[in-house]
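In what follows, a structure is listed as structure tokens, so that the remarks can point back to it.
The values are calculated or read from the model by the stated rules, or taken from the named source; none is laboratory data. Keep in mind that what you see is a predicted model, and the values were worked out from it rather than measured. Quick reminder, even Gly has a Cβ in these numbers, built from the backbone with ideal geometry, and neighbours come from all protein chains shown. Note: areas computed on protein heavy atoms with side chains; ligands, DNA, RNA excluded. Shrake-Rupley method; radii C 1.70, N 1.55, O 1.52, S 1.80 Å.
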Amino acid sequence: MIKIDVDMDKCQHYGQCVFEAPEVFQLNADDKLEYQAEAPDEMLADLEAAADVCPMQAILITKA
Amino acid sequence: MAGLRTAEGARRAGYTGPITFLGAEAHAPYNRPPLSKELLQTEGQGHADVAFPIRSALEEGVTWVLGRAAVSLDTARTVVVDDAGDEHPYSALVIATGLRPKPLPIDDHGLGGIHVLRTLDDAVALREVLRPGANVVILGSGFVGCEIAATAAKNGATVSVVTQSRVPLLRAVGPLLGAEIRRRHEEHGVRFFTGESLFGLVGDPAVERVILTSGVMLECDVLVVAVGSDPNIEWLADSGLDVSDGVLVDGGLRAVGVDGRVNPDVFAVGDVARYPNPLFDDVARRVEHWNLPTETGKRAGQLIAAHLAGEDCEPLAAAGFAPLPSFWSDQYDAHLLAFGMTYLADRSELVAGSPDDECVVEFYRGDDLVGVCGIGMRSAVQAYRTRFATPALQ
């Protein structure tokens with residue numbers, strides 16, 4: 001499994017991650033970020049891409 | 001950053017060989033946007049707060065040579081020489097030397113108190129002097145100038161922005177949003193001197209006042225020069241590469257020589273690379289937006305892995321490179337987010353919301369949508385991402 005942590009103090013809800021990994025990241029009706037804390041290993045490339053494009057660099061991806 | 005993303009991309013595409021990072025700065029790769037915001041206002045923040053994590057793929061087989069600048073490239077011998085005289089041979093070279101701030105447009109007479117902001121060290125030095133009550137004059141009203149102005153104003157400094165432009169951020173966000181950004185700055189006490197430049201400096205040994213071209217004189221303890229950037233290409237002067245404005249590359253990010261030939265083993269990525277983007281037109285441009293180091297790096301990484309594996313790179317390169325530029329900016333409570341090449345536009349149009357709250361503005365060149373920028377309304381702005389693909393690419 002892959003563990004996903006978003007530093008919500010840093011996150012400004014730009015939603016760039018949503019485009020890279022929509023299965024894990026979504027903007028809700030109030031334009032706030034929501035995400036799942038775990039994802040299967042085969043999503044690693046998409047999740048790293050999501051972390052890469054985060055303007056605030058608030059996303060941490062770790063292999064659990 | 002672009003170099004790091006290239007290395008990651010090459011690893012992801014199967015390259016397992018050695019990688020050397022040669023960098024003029026003493027620091028491992030870090031994220032620059034916080035330098036004008038969080039890091040600039042938070043005492044004690046440093047490299048650890050902005051460093052990019054080094055992924056496991058780059059823990060093995062990587063050599064870091066930091067604090068050494070490249071001074072020349074010999075493409076025939078395939079070596080880079082650094083400022084200590086050491087030679088670094090390569091099978092594939094990635095040029096990711098980025099930008100440096102343009103200097104003060106007038107003679108600085110060696111005065112102290114004059115700052116620029118590009119590197120972590122610049123930011124730490126500037127943070128030391130952005131004290132409450134300091135008289136801060138910012139020359140330039142692009143993103144760097146505006147973000148420093150916002151941070152300094154929040155810190156209690158007295159801030160003046162001097163700009164040749166009519167409105168701040170004009171090129172990037174157009175007159176409507178630019179005027180709104182100015183209004184928000186003025187709400188926080190920032191004064192704007194538009195259509196102005198610097199005529200002279202007064203002070204010894206540090207700047208105490210600046211004189212504008214109109215004759216206005218401003219008290220000035222800290223002068224920040226934020227009038228754009230130049231690509232770091234001087235070290236390539238004798239390389240035979242086309243470096244007329246950054247490093248010209250093809251659709252595979254491979255450097256093009258002054259003779260028009262592509263160098264299959266030399267790549268350029270990030271702010272220093274100049275390339276056409278078929279989403280918009282066939283004009284090669286350097287684009288200084290934050291997401292492009294990542295986009296160019298990933299792309300170059302693929303090509304490098306293929307090249308070093310002895311594969312034919314032509315089909316990959318011929319497929320073209322069409323990244324969607326994106327930028328954002330935080331100033332006070334305004335969160336700007338944009339996609340596309342807004343500064344190619346000849347007109348802009350408010351399509352949703354109200355600038356003094358939240359809004360979306362579309363940018364057109366003729367009838368073609370070339371960009372979108374919003375204050376807030378992120379879902380609405382994100383929804384534009386798929387609207388820039390040209391028919392030829394689909």
Quick one: angle between helix A:44-53 and the longest Cα principal axis of chain A, in degrees between 0 and 90, rounded to 10, please.
30
Which of the residues in region B:280-314 show a loss of at least 10 Å² in accessible area from their chain by itself to the complete set of protein chains, at a probe of 1.4 Å?
B:290, B:294, B:295, B:298
Please list, in chain and number order, the residues 5+ apart from residue B:224 or on another chain whose amide H is under 5 Å from its amide H, with Hs placed from the backbone.
B:115, B:137, B:138, B:139
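What size of dipole, in debye to the nearest 20, comes out for region B:105-243 about its Cα centre when the only charges are +1 on Lys and Arg C-beta atoms and -1 on Asp and Glu C-beta atoms? Each step should come with its number before you reach the end.
On the way: 11 positive and 18 negative charges, 154 e Å.
Once rounded to the nearest 20, the dipole reads 740 debye.
Report, please, the projected area of region A:2-63 averaged over directions, based on the convex hull of its C-alpha atoms, in nm². Show your work: numbers first, answer last.
Details: hull surface 14.2 nm².
So the Cα hull casts an average projection of 3.5 nm².
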In order through region B:208-220: 3J(HN,Hα) via Karplus (6.51 cos²θ - 1.76 cosθ + 1.60), integer Hz, x for Gly, Pro:
10, 9, 10, 10, 8, 4, 6, x, 4, 10, 10, 4, 8
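Given a 1.4 Å probe and every protein chain left where it sits, what share in percent of the accessible area of the protein assembly as shown is carbon and sulfur? Display every interim value, and only then the final one.
Details: 9780 of 19420 Å².
Roughly 50 percent of what the probe reaches on the protein assembly as shown is carbon or sulfur.
Compute the orientation-averaged projected area for the protein assembly as shown from the convex hull of its Cα atoms and round it to one decimal in nm².
Working: hull surface 89.9 nm².
With the hull built on Cα positions only, its mean projection is 22.5 nm².
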Region B:103-227: relative contact order as a whole-number percent, Cα under 8 Å and 6+ apart
34
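Give me the number: length gained by fully extending residue B:213 to residue B:367, i.e. 0.36 nm times residue separation minus the C-alpha to C-alpha distance, one decimal in nm. Show your work: numbers first, answer last.
Values: separation 154, 0.36 × 154 = 55.44 nm, distance 3.89 nm.
Net length gain for the segment: 51.5 nm.
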Compute the signed sum of charges (Lys and Arg +1, Asp and Glu -1) over the other residues within less than 12 Å, Cβ to Cβ, of residue B:37.
0
Threshold 50 Å², region A:16-51 residues less accessible with all protein chains present than alone (1.4 Å probe)
A:16, A:19, A:31, A:48
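Once you order the gyration tensor axes a ≥ b ≥ c over the Cα atoms, which shape class does region B:313-394 get: rounded for a/c under 1.5, otherwise prolate or oblate by comparing a/b with b/c?
Prolate.
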Contact order normalised by residue count of region A:2-63, Cα under 8 Å, 6+ apart, percent:
49
I need the phi-derived Karplus couplings for region B:46-51: 6.51 cos²θ - 1.76 cosθ + 1.60, θ = phi - 60°, integer Hz, Gly and Pro marked x.
x, 4, 4, 7, 10, 5
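What whole-number value in Å² describes the accessible area per residue of the protein assembly as shown for a 1.4 Å probe? Can you show the working numbers first?
Numbers: 19420 Å² over 458 residues.
Counting only protein heavy atoms, the per-residue value for the protein assembly as shown is 42 Å².
Quote the total accessible area buried by chains B and A together, excluding ligands, DNA and RNA, probe 1.4 Å, nearest 100 Å². Mind dumping the intermediate values first?
On the way: alone 17180 and 4140 Å², together 19420 Å².
So the buried area, both faces added, is about 1900 Å².
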If you average the alpha carbon positions of region B:348-366 and of region B:215-271, how far apart do those two centres end up, in angstrom?
32
Quick calc: nm separation of the 7 Å Cα→Cβ label points for residue A:63 and residue B:63 -> 2.7
Note, ³J(HN,Hα) from phi for region B:111-119, Karplus 6.51, -1.76, 1.60, rounded to Hz, x at Gly and Pro:
5, x, x, 9, 10, 10, 9, 9, 9
Virtual spin-label span in nm between residue B:20 and residue B:83, 7 Å along Cα→Cβ:
1.8
Rounded Å value of the spacing that divides the Cα centres of chain A and region B:10-50
20
With just the Cα atoms of region B:183-235, tell me how far they stretch along each of the three principal axes, in Å, largest first.
43, 33, 20
Amide H of residue B:32: which non-local residues (sequence gap of 5 or more, or other chain) have their own amide H closer than 5 Å, using H built in the peptide plane?
none
Amide H contacts of residue B:199 (H built 1.01 Å from N, under 5 Å, at least 5 apart or other chain)
B:211, B:212, B:213
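When only Cα pairs under 8 Å and 6 or more residues apart are kept, what is the percent relative contact order across chain B?
On the way: 861 pairs, mean separation 65.6, N = 394.
Relative contact order comes out at 17 percent.
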